[in-house]
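Here the structure comes first, spelled out in structure tokens, and everything after it is commentary.
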Ligand code: 5AD
Ligand code: SF4
């Protein structure tokens, strides 16, 4: 509870970055609701503004610096306003924030959310900036229930941290060591989400499939979640290729409610670069596993992450990335220019690539991916996909938008079905990343 004379009655919370942050923000919402605070979307009405931050690339941080400038203006009008920076950037930039943005009252790392009410009280008493960025080897927020915001998909965090240390990535430094929650606590949380009306469960972790609790593997956890009545669809993100194995793929293929979709982050198609990235696989193995995924789960949706302009990446290395993309043909890709991050090994490399070359390579890669997405989506025309209706189409109130099992968005005209229904839809057209279809009534 906050101290009795506290002026803090309401708060706003902005979230940036990955789904893990979305899930963490739901935990924070749960903690703040428990102490009686009301959430508001209107910053002008908030007595406290928190921003849950991302440090993965420099751009993500820039956006947050600019938001903090806006919050500072509000604080000048309302001196009791508490400004809090939560998550990865708090971990990464605490000294910089303390020095250059003294109006930030609370700096809270990703393992310290339960301390938020205590720190708010301390700030109100001591009137200075309060920092808690201690990383934990154990914190998995097992006993805290998130306050979920929407009614289709529930994010369920199953493990935290990362021990892989890819040489470009700040995550092992901002989120600390890997640790997993017990199967029982995850199953309890999923049951609760189903009781609240959620039909899709997305299991989350920085390295989701290196999940290990006592003797339970990720594949075993998937089976346990799949057995829960009312779980229509299960997805997970983000895996590391090293932990995708045949056992896991066979478990996925064996259950109807585990989605036919794998995010399979390639990062590069050059063995030299993969080695310098410390990715622990070769392009040959990656290609073999991509084929294996599609062999065990025909029509599986396959997405990836690719970085261009990693230090030392030559034209030839980049050509190899395009070549591997051409061989595998991902359904979709998240593409990034390499961004040097503090603490990481790659930041120390002296052969950084010029920004103009990064941009050129990124454009080329995006163009190629668009071709692949369109080609694979066009192949779906005339097929029947099972679509979970998620919302009204942004462009037309006569249309629904939903996702296929393999994670493509489909737009189709409304008939008698409703949000949360899974309906058969005949695909009639593909435009870029979107499929258009016709609901099969009575099918
Ligand atoms: N620069 C660019 N992209 C990065 N990613 C992680 N770190 C960096 C970085 N320093 C990308 C990777 C990862 C995704 C979540 O973000 O592709 O898979
Ligand atoms: Fe970062 Fe690599 Fe860990 Fe993913 S596996 S969070 S890219 S260090």
Output for segment 167-194, where each listed residue is within 16 Å of ligand 1 (Cβ to nearest atom), more than 19 Å from residue 27 (Cβ to Cβ) and touching a helix residue (DSSP H, G or I) at 6+ places or on another chain (Cβ under 8 Å):
167, 168, 170, 173
What residue, of 229, 278, is part of a loop (DSSP other than H, G, I, E, B), in contact (Cβ under 8 Å) with a residue 12 or more places away in the chain, within 16 Å of ligand 2 (Cβ to nearest atom) and out of contact with any helix residue (DSSP H, G or I) (no Cβ under 6 Å at 6 or more places or on another chain)?
278
Which residue pairs have Cβ atoms under 6 Å apart, sit 6 or more places apart or on different chains, and have a first residue in segment 330-345 that is under 25 Å from residue 301 (Cα atoms) and a second that is assigned to a loop (DSSP other than H, G, I, E, B) and more than 6 Å from ligand 1 (Cβ to nearest atom)?
337/309
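Return the only residue of 281, 211, 261, 236 being touching a strand residue (DSSP E or B) at 6+ places or on another chain (Cβ under 6 Å) and within 16 Å of ligand 1 (Cβ to nearest atom).
Result of the check over 281, 211, 261, 236: 236.
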Residues 165, 198: which one is surrounded by fewer than 21 Cβ atoms within 10 Å (Cβ to Cβ) and within 27 Å of residue 243 (Cβ to Cβ)?
165
Count - residues of segment 313-338 that are surrounded by 16 or more Cβ atoms within 10 Å (Cβ to Cβ) and not in a helix (DSSP H, G or I):
10
Would you check if there is a residue in segment 125-142 being part of a loop (DSSP other than H, G, I, E, B), within 23 Å of residue 214 (Cβ to Cβ), touching a helix residue (DSSP H, G or I) at 6+ places or on another chain (Cβ under 7 Å) and away from ligand 1 (no atom under 16 Å from the Cβ)?
yes
Is it fair to say residue 303 is under 25 Å from residue 359 (Cβ atoms), within 16 Å of ligand 2 (Cβ to nearest atom), under 21 Å from the mean Cα position of the chain (by Cα) and assigned to a loop (DSSP other than H, G, I, E, B)?
no
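Got a sec? Which of 417, 406, 356 is under 27 Å from residue 322 (Cα atoms) and assigned to a loop (DSSP other than H, G, I, E, B)? Before you say what the answer is, go through the steps one by one.
Values: 417 fails: under 27 Å from residue 322 (Cα atoms); 356 fails: assigned to a loop (DSSP other than H, G, I, E, B).
Step by step, each of 417, 406, 356 is checked, and only 406 is under 27 Å from residue 322 (Cα atoms) and assigned to a loop (DSSP other than H, G, I, E, B).
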Selection from segment 36-63 of residues modelled with pLDDT under 95 and either closer than 30 Å to residue 142 by Cβ or crowded, with 20+ Cβ neighbours inside 10 Å (or both) yields 60, 61
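The values are calculated or read from the model by the stated rules, or taken from the named source; none is laboratory data. Being a predicted model, the structure only gives us computed values, none of them experimental. A quick note on method: Cβ atoms are made from the backbone with ideal geometry, for glycine too, and the neighbour counts reach across all protein chains shown.
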